[in-house]
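The values are calculated or read from the model by the stated rules, or taken from the named source; none is laboratory data. Just so it is clear, the structure is predicted and the values come from calculations on it, not from any experiment. Counting neighbours? That spans all protein chains shown, and the Cβs are built from the backbone with ideal geometry, glycine included. Protein only, heavy atoms only, side chains kept; ligands, DNA and RNA dropped before computing areas. Shrake-Rupley method; radii C 1.70, N 1.55, O 1.52, S 1.80 Å.
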Amino acid sequence: MMELVTLLPRRFQLAILLVLLAVHVCTANTGKPKKEPLKLWTPPEFDESIPRILTVMEGEPATLQCVVTKLRGRSVSWIRQRDLHVISANDLTFTTDGRFKVAFDNETSAFTLRVIKALRNDSGVYECQINTRPKLSRAFNLSVVVPAARIPGPKELFIKSGSTLVLTCVAHLHPNALSTVEWTHNTTPMTITGARGGVSIHTEKAGRLFSSKLSVVRVAPQDAGNYTCKPDGVPSASATVFIVDEDIPAAMHHDSAARRGHYTTGLLHVALHTHLVLHSSSSTFHSTCVAASLL
């Protein structure tokens, strides 16, 4: 090829060399990868479909899950908002409370905070925070409910003799609790087949919410006393029932505060009566002294 080029006139030689050089440059550039255009930086993203409100019973485990994508080397921390205590950074924990555990799942990008046995004072806001500038975070609300039964209304009830007594007991139960309840009158169990008769018990459970209604027809003085309900697995609740006659005004027997008011009024009457008696005695003694001096 080069020998053929040397036989041509000089100007043709130069033209051929330029063509060969161009072909060589094009062939060399074809093998190199093309540079991609620069992409704009995008911040990490939280999975907003994850629930951020959790309610558990005291003694149960509590799990808060924070899913973050596009981290690109950023760290994720769990912070207790109440005292700004840093519980963890990535999968490392910074607390002496062994109930708190943190785990990271690389496949799902989930940073999970777990409280092995939740207590009432664990309730509050926990923040999942990414160390960007400015910092990105999501707040998770944990509520720890102490299981207990209660009888709504006043603790002391005044029921007219011959009427029907109705007491309702409500409670939040553990998931594995039974839908059973024990009603007692003083220390005697209340059952629909008991010797008292006229007793009905209606119990319902919807999820963790438990409700039981006790009805006692035609109450008499012997039905007065303490009534207690004890659902499965939770502390009991009680109410005191007084049976009153029809001729006693119901307004006088609503609650213990009213009775304390009547008691205070009674003391005032006694004090006033005592004052009048003393004043009367003093006047009589004065009159006797005057009569004696006249004699």
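Structure notes:
- Residues of segment 142-169 with amide N under 11 Å of a point placed 7 Å along Cα→Cβ from residue 213: 166-169
- Relative contact order (%) - segment 73-187, alpha-carbon pairs under 8 angstrom, separation at least six: 19 percent
- Where Rh is the Kirkwood radius over Cα pairs, Rg/Rh for segment 42-137: 0.95
- The listed residues 138, 80, once ranked by accessible area (1.4 Å probe) with the largest placed first, stand as 138, 80.
- 30 Å Cα-Cα threshold exceeded, pairs from 160/230; 101/230; 155/205; 117/213; 101/213: 101/230; 117/213; 101/213
- Net length available on complete extension from residue 180 to residue 72 is 33.5 nm, with 0.36 nm assigned per residue and the Cα-Cα distance removed.
- Vicinal HN-Hα couplings computed from phi for segment 124-138 (Karplus, 6.51 cos²θ - 1.76 cosθ + 1.60; Hz; Gly/Pro x): x, 9, 10, 10, 9, 10, 10, 7, 8, 10, x, 5, 9, 8, 9
- Once the Cα-Cα distance is subtracted from the 0.36 nm per residue extended length, the residue 53 to residue 91 segment shows a gain of 11.4 nm.
- Spin-label proximity, residue 104 to segment 40-62 - amide N less than 20 Å from point 7 Å beyond Cα toward beta carbon: 42-48
- Between residue 168 and residue 63, the contour length at 0.36 nm per residue exceeds the Cα-Cα span by 34.5 nm.
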